[in-house]
Amino acid sequence: MEGGAYHHDHPLRRGNDVFNESQLRSSILGKVVPFAAMAKCEESLRAAIPRANSDVLHNVFEKYASIDKDGRKFMTDVDFVRRFLGLFPEENYNRESVRLLASAADTSKDGLISFEEFQAFEASLCAPDALYLTAFEIFDNNASESITADEFEAVIRYTTPVIESGFDFNCEFIKKYFGAKKNRQIGYHAFCQLLHDFYEEQGLQAFKKFDKDGDGSITAEDFRTIMTTIKGHLLTKFVRDNIIAVSGGTSSSHNVRFPFYQAFNSMLSKIELFKRVYTTLARGSLDYTVTKEEFLHAVQAYAQITPYELTPYEVEIFFNLAELGHPGMRSISLKDIEAIDPDRLKRVSYITRLTEFNVVASKEERGAGTALLESAYRFTLGSVAGACGATAVYPIDLVKTRMQNQRTGSYVGEVAYKNSFDCFKKVIRFEGVRGLYRGLPPQIVGVAPEKAIKLTMNDLVRDKLTYDGRISLISEIIAGGCAGGSQVVFTNPLEIVKIRLQVAGEITQGPKINVFTVLKELGFFGLYKGAQACFLRDVPFSMIYFPAYAHAKKLTTDEQGINSPGSLFCSAFIAGVPAAALVTPADVIKTRLQVAARAGQTTYHGVFDCTRKIMAEEGPKAFWKGTGARVCRSSPQFAVTLLTYELLQRLFYVDFGGTRPSGSETSVPSTLVDQTSDNADHVGGYKLAAATFSGIEHKFGLFLPKFEAVAKR
């Protein structure tokens, strides 16, 4: 046996031996996992797909086992594949195909599956290399834990691609694996490599077979035949429909040369690399388009830091193929990669969606009504997000307001604060914990439309200024400025009521102040006192914040272009630091204009008058009062708000045909975990059994006949 195989007697034999769980694991996992690493591997497996409880698994086994032999229950091939897994439900099912699939669990190869084997196979299905493990057991016909040339040939000859196209099993390729006389046995690792390389060799043999003149070319029809029979598992419907067109002609008689054939197959096998290069460029923008020149530059940079590369010919073929989906547009998007990717990408996010709804089938169907619905949708989510953010940081906001309102001199009954922390302690001491939330109700009522308008307006203007998934920095700043300006109509009344309630607790004597007394005192026009300062604060804030947040999101996406909840929170938090700090002077002026002056305190008449008097009486440092508290309030508030806003879009996803939120989701390859069975009897690893057998077909091309051949009369 080859040195790569592990030598030990096969542990699963019929008889009276008692098998414990560790022995069962060793029987099937021991071939590939060094015993020193078993514990670590098993721990990772449990984290991904939890192992089934032994008693539960035994009850399931008893339910489907139809053979009673020597007082023990056994499953037949049909019990396991058809009745338990639900595969091959057709009446005219192919019996040999069922036997081969069942042999993956039947490690003793006697045609019956014991509970020990049933349990061991469940363990192997949890392994990270379950596809290769299962395929190895199918080929290991005599339970020797190695594969002979005859065993390999017997199974491969039975697969549909070989039945349709043939294969020379006396070729040099087979002899390199099994020896010149084909008497060498190969272990698990060598088998994995053989399985990976086999269909490449079959493709080369097929090309040689059709290249009758030996000049390195075949017809486009022959090329289509090879690709659909041997490499069919690598083709999407889009690629199948455009094979002849992408090969350089409009008829099936024109020739396809060997370099193109090799580059085309290599391109298909490197789709994952194409995706990674694209997501590196897009950085989470789902509508981003990339030209061939931009892609080639990125490929060159990618090859310098990784051992992988794409040739210019492969890139050329990829772009030619993508262009067939949109003639005249020499650029690719995520949709093009999905059309070519044989894994049939699925849109997923880190959070399971509660709802998913498409208002329009395509962007072309999007109209004014749809755009209005989209704004209403964003407004609703923004309202909820804003309320969550405001509630989370309201105590900090109260401390910030009181620090900014504190002036030189003293007022009878007024509490003085040394710093923000001292203010926090004294609020709790004199007013209780509830004092930290003075003015919260109007804040919640007002902040919902305020944040909703800001978020909706920013998204709306960004959408209008985004072309081919790209938006310039100046456009991002304009969108942020529009968002900041639009919110003032709600912000100013909210702020002035909130501030007067927040500072009311500083006076321990006198009449109680509430929302209604403040509204009665101010009147309608009084609610917009200090509006100029609100503009001075909110417009620059949003012009800084939203572009910074967008770029921070791009920098914190993972290799698939996805922003995790953690990266969303960090991006929103980081963007809030400079935005909040740099506009503090405007916030101080706004606070002074909106707070009712007490007896003996300076009164202000407008922004310029307030600025002049603060400078004269308190100096330039007064303009930066409460900077720390403001940053500590604004950064986490917007972090909570934006995180909630983005996650709500994932949870309650509605596609209006517009620009989708960047970094919120992206395409990633579907995995076995995405295809878990919902059958109640498929517990533990058996949730992945059907998906594993399907994966063997689509990953390795091991398609088994579904039906029995009908005899010709």
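Taken together, the values in this text are just the output of simple stated rules run on the coordinates, not laboratory data. Nothing here was measured: the structure is a model prediction, and the numbers come from that model. A quick note on method: Cβ atoms are made from the backbone with ideal geometry, for glycine too, and the neighbour counts reach across all protein chains shown.
If the limit is 22 Å between Cα atoms, which of Lys237/Lys464; Lys237/Lys687; Lys400/Lys451 go over it?
Lys237/Lys464; Lys237/Lys687
With labels modelled as points extended 7 Å from the Cα through the Cβ direction, what inter-label distance (nm, one decimal) is found for Thr291 paired with Lys237?
For Thr291 paired with Lys237, the spin-label model returns 3.4 nm.
Just need the Rg to Rh number for region 49-202, please, alpha carbons only, Kirkwood Rh.
1.01
Pairs to check: Lys425/Lys590; Lys454/Lys613; Lys426/Lys613; Lys63/Lys109; Lys231/Lys270; Lys109/Lys175. Give those whose C-alpha atoms are more than 20 Å from each other in this structure.
Violating the 20 Å limit, Cα to Cα: Lys425/Lys590; Lys454/Lys613; Lys426/Lys613; Lys63/Lys109; Lys109/Lys175.
Compactness ratio of region 162-314: Cα Rg over 2.2 N^0.38 Å, N = residue count?
Rg over 2.2 N^0.38 Å, computed on Cα atoms: 1.23.
³J(HN,Hα) across region 187-198 via Karplus (A = 6.51, B = -1.76, C = 1.60, θ = phi - 60°), whole Hz, x for Gly/Pro?
Values, residue by residue: x, 4, 5, 5, 4, 4, 5, 4, 4, 5, 8, 4 Hz.
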